[in-house]
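Please read the structure below before turning to the comments.
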């Protein structure tokens, strides 16, 4: 009860700060919009009322500028006011990656509608608008192939889910926890407990390289310990190693004899959390060396 009374005010304070920040951002956007719009509207009205002589071509251009600014400014304002509401509708649905995708698609839809409104107001028909958008999209795609490819791969990562935020993965030699799936990069943190170090892996790498997903909890690790010589009591020593391994906290290890072209070895498989794998591996290795002595 006491703990709830402590947490609740802190949460309320955080929400107030968050709302205030959102309002400040919104007010800044509106102020910038008015600063740009008002002089243009004033010049346009002065030209229409013949207060100052302005050529008709300039008046027409000013009218187009006003339509463009109002359409895209209104779209931006609409997105700012509704994006949190839309994101809240999907709060309990799907994974964080899916909610990110829905938010981006919503923003894209609003701006496409604003673009269509601009074209229609200028006097371009629906067919011409569709043709223009198609040609523009095609030319734009050829001009920035790498950017478009990153968008496509980002979409694939969010929909096909080879990994999720919070999973531990290994790709192209980079290993760590997935912290963020962006449009151009995936942020991988090899040490999630600290925030100073992380790796940004370009999205196209995930299309070209195999992805090893360890999951978000315990995953299987393995290592080999080669023997210099095989002792006569190898079976007894292996049983003692297994007994000691079972006493290690969180080890869940399996030991068995194996061999390859390099010689006889003991293969160890164990399940552990990502951040504990090196510590547990060292403990298992130390225990085995103590038991095997000069034979290892």
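Every number here is computed from the coordinates shown, using simple stated rules; none is lab data. Quick caveat, the model's predicted, so the values are computed rather than measured. No Cβ is skipped: glycine too gets one built from the backbone with ideal geometry, and neighbour counts run over all protein chains shown.
Values for this structure:
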read-out	value
Linear extension gain, residue 229 paired with residue 159, 0.36 nm per residue minus alpha-carbon span	20.0 nm
Distance in nm between pseudo-label sites at residue 216 and residue 191 (7 Å out along the Cβ direction from Cα)	2.4 nm
Label point distance in nm, residue 243-residue 103, each placed 7 Å from Cα along Cα→Cβ	5.7 nm
Cα centroid of segment 210-269 to Cα centroid of segment 32-79, whole Å	74 Å
Relative contact order for segment 146-276, counting Cα pairs under 8 Å that sit 6 or more residues apart, in percent	20 percent
Rounded FRET efficiency, nearest 0.05, which uses the C-beta distance separating residue 126 from residue 56 and R0 of 25 Å	0.40
